[in-house]
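These notes are about the structure you will find just below.
The values are calculated or read from the model by the stated rules, or taken from the named source; none is laboratory data. Treat the numbers as computed from the prediction; the structure is a model and nothing was measured. Because the Cβ atoms are built from the backbone with ideal geometry, glycine has one as well, and the counts that use them run over all protein chains shown.
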Amino acid sequence: TSKTSATTSPSSSLLTASTRRRRGPTLEEVRTAPPAGCLETEKPYTGKNPCLFVPATLTVENVDMSQQINKPKHYTTAYETQNLVVRRGHEFVVRVSFNRELVQEDDFQLEFLIGSNPSANKGSLVVVTFGSRRGGPWAGQILEMQGSSVLLGVTPSPTAIVGKYRTYVAISVGSGMQRTKRNAATDLYMLFNAWCPEDPVFLANDSERMEYVLNDFGIIYQGSMGSIISRSWVYGQFEPGILDACIFILDSSRMPIYNRGNIIKVVRKGSAMINSQDDNGVVVGNWSNDYSMGIAPTAWTGSVAILQQYANTGTPVLYGQCWVFAGVFCTFLRCLGIPTRVITNFSSAHDNTGNLKTDLIFKLDGTPDRRATRDSIWNYHCWNECWMTRPDLPAGYGGWQIVDGTPQETSDGHFRCGPASVAAIKEGNICLPFDCGFVFAEVNSDVVFHKKDRYGTMEVFKVDTTHIGQGLFTKALSSNQYVDVTRTYKHPEGMSTVTWTSPSASTPASTPTTSKTWTSPSLWQPSRVSSLGVVVVVCFIVFYRVWRCNAVSVCVEENSVIVKIQADEYLPHLNGQDSIRFILSGSSEDQSVSAIKVVTLQSPTLTLTVSGQPRVQQQMFVTVSFTNPLKDPLQNVYMYLEGAGVMALRRKIEPLASVSWMEAYTPRLTGPRRIVAVMYCSNLSNVSGATRSSLHATYYIMTPL
């Protein structure tokens, strides 16, 4: 074959100028040089000198995937795996050692195979050539020759299939090709590439790539507007076994190999597989108080243990709720190289009827008619956004796309949601794929209050246009603070006609009651109503389990009413949650009023202290301290401790009222590292980072001296 036709610009070459000057002869130089032991003549050597000995049959002695060179250039050093991890669209190098130097007659190629039945037509069998002979869609070139060792450059296409490839060297022998034996050490993982302009997930801002692809720690926001609380979450996309677990998820979904380079199809399939509702996916949702068969959603510190358990057992993990689905989905997407972040929508609607409204139905006495009401409102709901182009949509609808792994409604026969364009949601283009109408209702539907008489006839007595989608938040770049992204979803709305006056929620230990005061003078019109009205106060624990209804008679001249609730009344009903939803409805002879408010309760805190020299591969210690603030002893106390790049998940059962738990660990990754601790018990909820109750230790790990 002739010399390679591919060239490498100085900016894209993996070799320095000095390395180029030291390199050996090129393949063309080898082919045209006179044989050793023959006299040179004035005529150029034609390669047919009769004194040229017939070379030995060419064989491969070693294939080196050059991980020390490739991983830093592909931003994959943090992956805890023995195999090479690269990002598509960017060149990586492979060093092949033969049994002798190459000569003119030699012909070889690299082959990359993925899946059980690889096919060149479907992109799962890729041939890379290094001369004039035509190969596959990946580019190849010879970068360096030193004796029998050849350094090869391979550039995958920016739309290559994502997953785990098998690597072979094939040498032309006679009329066929002789391939090297299967060697698991030469397998490589191919990821999406946010650094490649031709990849659909390309993200131009380097700070955003660092946060949304490479950050293995995050903050998920919970609570309610006016009382936003932070939950620390270990994404851990680089931890041992996580990359294989993400590929296992795609395998378990039976997604065709040839579709795994399509970003839209990958995230849509991932949305279905993160929940177990209809496809034996990763996490089982549970919004009850019975977690005896698994682990309570509030006890998880991150995604690593969940994904490892699913990959090892092949069975869904018990249990999760929306932030768990969002956290695990974020790990899955970032691990595959897709820029992703977690979004929290406060006052998030679930439009079960598909009419883009949230219909709440009340009985004549002012209490909610739960049997007739199909729609619902979450005090907050978490989903994900991932960054991609959308060639299937009109121009301007690429960028951030909503994807949701929480099983709410089916989409094309599976419990999944998205990708739905954030720009389309803001502009109200709800007919675009996928599931834009459902997401639009989550953030921008009107709450319509209906009163149903004894004949079943319903009458609208109030429409609230501002309660849904009060705020959408995500973690800021390179910071543990939140950033408000509400205006990317919706245009500004008018102010509410109801003014709330609310004291701060106190811890259950310090204050045995919680009081709520509503101030709503604009709703009461004394000239039109009788002198006595009835106010009904309904208390819900989040996710709508009714536990108290109070009917209070109040004179209309009064513009406020105070309802006191003892701690022993609401604590048994929290079921791991930290919020109470109050719905107030008032009625008189010819007028009805209503209002909704969520109260977020504070929880006690865990204290973490770190000791030891902060260096990689040197032992350090972390101590978790806690004192029970309640009068009653804690029951069934479980402690969890984890840090990405620092320590794997640790568990401990602790029956005492006071805890001081020390653990030793040896960090493996440099940079800022964080440890998350969570305490779960049956009679005290959310003692974790999710409720400002678990302080994570932040420090900088230095490299060894």
* Structure fact -> Of the residues in segment 446-471, those that are farther than 19 Å from Gly428 by Cβ and polar (S, T, N, Q) number 1
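Within segment 211-258, count every residue that is among the aliphatic types (A, V, I, L, M), assigned to a loop (DSSP other than H, G, I, E, B) and within 20 Å of Pro118 (Cβ to Cβ). Steps first, answer last, please.
Of segment 211-258, the ones among the aliphatic types (A, V, I, L, M) are 213-214, 219-220, 225, 228-229, 234, 242-243, 245, 247, 249-250, 255, 257.
Right, trim to assigned to a loop (DSSP other than H, G, I, E, B) and you get 225, 255.
Then keep just the ones that are within 20 Å of Pro118 (Cβ to Cβ); that gives 255.
Residues in segment 211-258 being among the aliphatic types (A, V, I, L, M), assigned to a loop (DSSP other than H, G, I, E, B) and within 20 Å of Pro118 (Cβ to Cβ): 1 in total.
Residues of segment 259-270 being assigned to a helix (DSSP H, G or I) and either of a type in the set (Gly, Ala, Ser) or assigned by TED's automatic domain parsing to the domain that holds Leu113 (or both), which ones? Spell out the reasoning first.
Going residue by residue through segment 259-270, those that are assigned to a helix (DSSP H, G or I) are 259, 263-270.
Of everything in segment 259-270, just one residue is assigned to a helix (DSSP H, G or I) and either of a type in the set (Gly, Ala, Ser) or assigned by TED's automatic domain parsing to the domain that holds Leu113 (or both), namely Gly270.
Residue under question is Gly612, and the condition is that it be at pLDDT 75 or above, crowded, with 16+ Cβ neighbours inside 10 Å and not assigned by TED's automatic domain parsing to the domain that holds Glu569; does it hold? Break it down stepwise before answering.
On the way: at pLDDT 75 or above: yes; crowded, with 16+ Cβ neighbours inside 10 Å: no; not assigned by TED's automatic domain parsing to the domain that holds Glu569: yes.
No; evaluated as a whole, the condition is false for this residue.
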* Asked: Is it true that some residue in segment 414-424 is farther than 17 Å from Phe329 by Cα, at pLDDT 95 or above, in contact with a Cys (Cβ under 6 Å, 6 or more places away or on another chain) and crowded, with 19+ Cβ neighbours inside 10 Å?
  -> yes
* Asked: Would you call Pro197 within 18 Å of Arg87 (Cα to Cα), of a type outside the set (S, T, N, Q) and not assigned by TED's automatic domain parsing to the domain that holds Ala78?
  -> yes
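Table: residues versus (1) modelled with pLDDT under 95; (2) touching a Pro at 6+ places or on another chain (Cβ under 6 Å).
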position	(1), (2)
Ile257	no, no
Arg260	no, no
Ile263	no, yes
Val267	no, yes
Ser271	no, no
Asn275	no, yes
Val284	no, yes
Ala299	yes, no
* What residue, of Thr474, Thr507, is of a type outside the set (Phe, Trp, Tyr), under 32 Å from the mean Cα position of the chain (by Cα), modelled with pLDDT under 90 and surrounded by 15 or more Cβ atoms within 10 Å (Cβ to Cβ)? -> Thr507
* Give segment 316-343 a look and list any residue that's over 20 Å from Glu80 (Cβ atoms) and in a helix (DSSP H, G or I), or say none. => Cys322, Trp323, Val324, Phe325, Ala326, Phe329
* Return a yes/no flag: does segment 348-359 have any residue that is closer than 30 Å to Met293 by Cβ and acidic (Asp, Glu). => no
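Having 2 or more residues that are farther than 30 Å from Leu364 by Cα is the bar; report the strands (runs of 3 or more DSSP E) wholly within segment 408-476 that clear it. Before the answer, list the steps.
Details: elements: 417-421, 446-452, 458-464, 471-475.
Passing ranges, in order: 417-421, 471-475.
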* Selection status of Ile264, farther than 20 Å from Ser116 by Cα, surrounded by 22 or more Cβ atoms within 10 Å (Cβ to Cβ) and of a type in the set (A, V, I, L, M) -> no
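Looking at segment 110-151 only, could you name the residues that are of a type in the set (Ser, Thr, Tyr) and farther than 16 Å from Arg88 by Cβ?
First, pick out the residues of segment 110-151 that are of a type in the set (Ser, Thr, Tyr): 116, 119, 124, 129, 132, 148-149.
Result: Ser116, Ser119, Thr129, Ser132, Ser148, Ser149.
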* Return a yes/no flag: does segment 329-342 have any residue that is over 13 Å from the mean Cα position of the chain (by Cα), modelled with pLDDT of 95 or more and polar (S, T, N, Q). => no
* To do: Could you check how many residues of segment 142-177 are touching a residue at least 40 places away in the same chain (Cβ under 8 Å) and not in a strand (DSSP E or B)?
  => 9
* To do: Check Val94, Val150, Val169, Val128 and return the single one that is at pLDDT 95 or above, crowded, with 17+ Cβ neighbours inside 10 Å and over 30 Å from Asp244 (Cβ atoms).
  => Val150
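Condition check: over 19 Å from Val485 (Cβ atoms) and either of a type outside the set (Val, Ile, Thr) or crowded, with 22+ Cβ neighbours inside 10 Å (or both). Does Met210 satisfy that? Walk me through how you get there before you give the answer.
Working: over 19 Å from Val485 (Cβ atoms): no; either of a type outside the set (Val, Ile, Thr) or crowded, with 22+ Cβ neighbours inside 10 Å (or both): yes.
Considered against the rule, which asks whether it is over 19 Å from Val485 (Cβ atoms) and either of a type outside the set (Val, Ile, Thr) or crowded, with 22+ Cβ neighbours inside 10 Å (or both), Met210 comes out as no.
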* Structure fact -> Of the residues in segment 271-315, those that are closer than 30 Å to Ser603 by Cα, more than 17 Å from the chain's Cα centre (by Cα) and part of a loop (DSSP other than H, G, I, E, B) come to Asn286, Trp287, Ser288, Asn289, Asp290, Tyr291, Ser292, Met293, Gly294, Ile295, Ala296
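Where in segment 64-137 are the strands (runs of 3 or more DSSP E), entirely inside, with at least 1 residues that are more than 25 Å from Glu239 (Cα to Cα)?
Numbers: elements: 84-87, 92-98, 108-113, 125-129.
Correct list: 92-98, 108-113, 125-129.
Is it the case that Arg692 is exposed (fewer than 15 other Cβ atoms within 10 Å of the Cβ), basic (Lys, Arg) and either modelled with pLDDT under 75 or under 27 Å from the mean Cα position of the chain (by Cα) (or both)?
Working: exposed (fewer than 15 other Cβ atoms within 10 Å of the Cβ): no; basic (Lys, Arg): yes; either modelled with pLDDT under 75 or under 27 Å from the mean Cα position of the chain (by Cα) (or both): yes.
The answer is no for Arg692.
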* Residues of segment 269-290 satisfying the condition of being under 21 Å from Leu684 (Cβ atoms) and touching a residue at least 40 places away in the same chain (Cβ under 8 Å) -> Trp287, Ser288, Asn289
* In the list Pro629, Pro667, which residue meets the criterion of being touching a Gly at 6+ places or on another chain (Cβ under 7 Å), in a loop (DSSP other than H, G, I, E, B) and in contact (Cβ under 8 Å) with a residue 40 or more places away in the chain? -> Pro667
